[in-house]
Amino acid sequence: MKWISTFAAAIILPASILAQEQQVPQLGKASVKQVVAAMTLEEKAKLVVGMGFKMPGAAPARRSNTDRPKSDSVSKEGFQLPPVDPTDAAIPEKVAGAAGRTHAIPRLGIPSMTLSDGPAGVRIDPFRNGDSSRSYYATAFPVGTLLASSWDTALVQKVGTAFGSEIRDFGIDIILGPGMNIHRNPLGGRNFEYFSEDPLLTGKIAAAMVRGIQSNGVGTSIKHFAANNQETNRNQVNTIVSERALREIYLKGFEIVVRESSPWTVMSSYNKINGVYTSETAGLLTTILRDEWGFKGLVMTDWFGGRNAVAQENAGNDLLMPGTATQTKSILDAVDSGKLDIKVLDRNIEKILNIILLSPSFKNYLVSEKPELKNNATITRNAAAESMVLLRNENALPIAAKKKIALFGNTSYVLIAGGTGSGDVHKAYTVTLKQGLENAGFSLNEKLASGYEDYIKVQNANRPKPRNFFMLPPPIPEMKQETEIVNQAAEESDLAIFTLGRNAGEGADRKVDNDFNLSDDEKTLLKQISEAFHKKGKKLIVVLNIGGVIETTSWRDEANAILLAWQPGLEGGNSITDVLSGKQNPAGKLATSFPLKYDDVPSAKNFPGHELEPASPSAVNPMRGRPSEVIYEDGIYVGYRYYQSFRIKTAYPFGYGLSYTQFKYSNLTLSSTSFKDKLLVNVTVTNTGNVAGKEVVELYLSAPASKINKPEEELKGFAKTRLLNPGESQSLQLVLDASSLASFDTSLTRWVAEAGTYQVKIGASVEDIRLKKDFTLGNEIQLQKLNKVLVPQVEIKEMKP
């Protein structure tokens, strides 16, 4: 009978398969090349393409193996994702809510790797399969800009180590972060994920984060490579930028991380650079990243990034994420037609397999799913507090114990722990500023607090729900206050705190009105509070719980103190209170400049560029934006490089931050007055105040500029003291090498240190230089000849001082 023969075959088949598997090479036992040689073409095409993506608010279109894939589209309710293979879609996720996964090939001993979003914490589903009895919450760590404000690589590495332990314990192989694009413009929607406007600070902080995370045996994916400095039309924008600006500003941080911390993977960005998608640009992904910098890991696309799967593979973009059926078919067809050399495909697969060999999935790590959340919350609280920046203090801080506080501002009662989109984290709780103050023993004006909580509850109930995780619900309007209520609060309370909140995230950039600039309601309330409390001789403290730079010039004099808390993670209310109360002496410095007004920003006139006529109606897609271009006319003059060189005053300069104590700088010495191979810079810092504290020492360098124009000064090193008690001193040493002196000379395609006199400037900010000393370079130094790649096809009229 037929069913008997079928049953017998089912019994015999596993044994034959077992015998076959014993004959084929196994990953980890045979060489990677042997494993690749044993793979079928279909397996190869699968391995370089991910298994698809389950995004909240969007359902992947399915197709049979013989159906022709349909074009990407967006439904009215949300995104409709590109089609995936139904076999892949049927395989359960190992970690629910992770961003993607690679294909397994069991017969060759190749496991699937799981990738998760999370520059500020692991982003996975907090509950699984409708079971609310077991949660999978993760720690929301301080956002990138706040951590960079610590200027403390040891602190950031400690945060990274805690972060990496959660990645490992939740069964994730690679975290999609850190994000390290440059703060080119304060309106960038994802600036909170990124570290700084300066590439050196960005690179050093990111390298520390990568070292910390990867010490747990899991991988990172530094992103977005490169020049992805806006969200507007991010999938279709052509970034037109000079070779020099690319090398000095937008690539330098990535180079530092690759050379100093060896990230497992690099994520190519959505945008084009000088006409070609980054994921399809061999000059970027192979020539610069691998040949010049020596990167050994794999390159993956951003999710659905680029257009041409074959061009991506040829360029050295090894892994296409999250993967679509269309891409798999394109690769198979291209190999058959000769458009994709099988040797190129094999090369890319080898890179993927080398990373799989490192992964917890390959090593069969026993996943606990129980990370040390309590311990990591403590690390988060302390790191956030130490990184916050005190912008203003007119004898208002720290707040003495047992004071009664009038707490104003919606965000005082609903803390913004982090940004939105893929940079968000599902966390078990968030400590509000109200809770933090109460935890520290301060009493609050109960009538005021009750009014805010009732108002926020009603407003939340009436807010429209976002259609997907990219879209922010509209912010709750700042609660208006009757003058009588404000006056009564001033009568009954010892001081006022007003929290200003801002949030943004993936998918859109910020606006000038009612975002960078305060809204009319915020201005009115701020003035009301200031006048009422100052009439009573009482102080007003403003807390900035924001993800990006805002305007402060028009209102800062109304506040006695301003604390920049950025977005401090789930323990934020406690962290802010630790600083306000003096439990933590603020030790942060600005990693990004605060301009007097938006028009002062060097990129203000061309951010985020202009839209182009689409080549076809299909080129207009709400998920991908519109064809557009942005010309980086600011060139190398980004942030403080512009403000200093063009003599533009800022509200708060790069590197600025106050303390509850004072520091004196002295004994600046150079190891030589003439540069040879390197120069040692020594300086002593003394705490001359009455409170223990830490100080960041910043080393800026002014270079001769007879051949090419150069910024007035550039950050070339920094160090942070240990906790210094009053009267205590510490000597710090910084090192300058030839690369520290060099600028990129486009005509020579190499880094060049020009002969002449250089000046070392040691400062507490870029505008507060305390000590200076000169040295000379007798003969020009030309570093290694590099490759002529990523050349703009149009003339760029870059600004010059």
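The values are calculated or read from the model by the stated rules, or taken from the named source; none is laboratory data. Everything numeric here is computed off the predicted structure, so don't read it as measured data. As a convention, Cβ positions derive from the backbone with ideal geometry for all residues, glycine included, and neighbour counts pool all protein chains shown. For accessibility, only protein heavy atoms count, side chains too; no ligands or nucleic acids. Shrake-Rupley method; radii C 1.70, N 1.55, O 1.52, S 1.80 Å.
Structure above, values below:
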quantity	calculated
The lone exception for Leu741 - which of (1) open to solvent by less than 40 Å² (accessible area, probe 1.4 Å); (2) over 21 Å from Leu155 (Cα atoms); (3) more than 31 Å from the chain's Cα centre (by Cα) it fails	(3)
Filter result for Asp515 (closer than 30 Å to Gly418 by Cβ and within 29 Å of the chain's Cα centre (by Cα))	yes
Residue within segment 110-120 that is at pLDDT below 95 and not charged (D, E, K, R) present	yes
Any hit, segment 204-219, residues being surrounded by 24 or more Cβ atoms within 10 Å (Cβ to Cβ), in contact (Cβ under 8 Å) with a residue 24 or more places away in the chain and among the hydroxyl-bearing types (Ser, Thr, Tyr)	no
Matching entry among Ile476, Ile497 (being modelled with pLDDT under 95 and closer than 30 Å to Lys536 by Cβ)	Ile476
Asp599, sole failed condition from (1) over 24 Å from Met799 (Cβ atoms); (2) not in a loop (DSSP other than H, G, I, E, B)	(1)
Among the residues listed as Asn445, Asn460, Asn410, Asn439, the single one being open to solvent by 20 Å² or more (accessible area, probe 1.4 Å) and either at pLDDT 95 or above or in contact with a Ser or Thr (Cβ under 9 Å, 6 or more places away or on another chain) (or both)	Asn439
Test: residue in segment 670-682 that is open to solvent by less than 10 Å² (accessible area, probe 1.4 Å) and under 30 Å from Asn585 (Cβ atoms)	yes
Failed criterion for Glu754 (all others in (1) crowded, with 17+ Cβ neighbours inside 10 Å; (2) among the charged types (D, E, K, R); (3) under 24 Å from Thr592 (Cα atoms) hold)	(3)
Filtered residues of segment 146-189 (kept if of a type in the set (Lys, Arg) and in a loop (DSSP other than H, G, I, E, B))	Arg184
Test: Lys716 is touching a strand residue (DSSP E or B) at 6+ places or on another chain (Cβ under 8 Å), among the basic types (Lys, Arg), crowded, with 20+ Cβ neighbours inside 10 Å and assigned to a loop (DSSP other than H, G, I, E, B)	no
Per-region count, segment 719-742, residues under 30 Å from Thr686 (Cβ atoms) and not in a strand (DSSP E or B)	9
Residue among Lys465, Lys427, Lys434 that is buried (at least 16 other Cβ atoms within 10 Å of the Cβ) and closer than 30 Å to Trp303 by Cα	Lys427
Complete set of residues in segment 478-495 that are in a loop (DSSP other than H, G, I, E, B), touching a strand residue (DSSP E or B) at 6+ places or on another chain (Cβ under 6 Å) and crowded, with 20+ Cβ neighbours inside 10 Å	Ser493
The listed residue being open to solvent by less than 20 Å² (accessible area, probe 1.4 Å), charged (D, E, K, R), more than 25 Å from the chain's Cα centre (by Cα) and at pLDDT 95 or above, out of Glu394, Glu313	Glu313
Cβ-Cβ under 6 Å pairs, at least 6 apart or on other chains, segment 23-52 side at pLDDT below 95, far side not charged (D, E, K, R)	Gly52/Pro60; Gly52/Val84; Gly52/Pro322; Gly52/Gly323
Positions within segment 545-576 being surrounded by 21 or more Cβ atoms within 10 Å (Cβ to Cβ) and outside any loop (DSSP other than H, G, I, E, B), in sequence order	Asn545, Ala561, Ile562, Leu563, Leu564, Gly572, Gly573, Asn574, Ser575, Ile576
All strands (runs of 3 or more DSSP E) inside segment 215-296 with 2 or more residues being within 27 Å of Tyr642 (Cα to Cα) and in contact with a Ser or Thr (Cβ under 6 Å, 6 or more places away or on another chain)	219-225
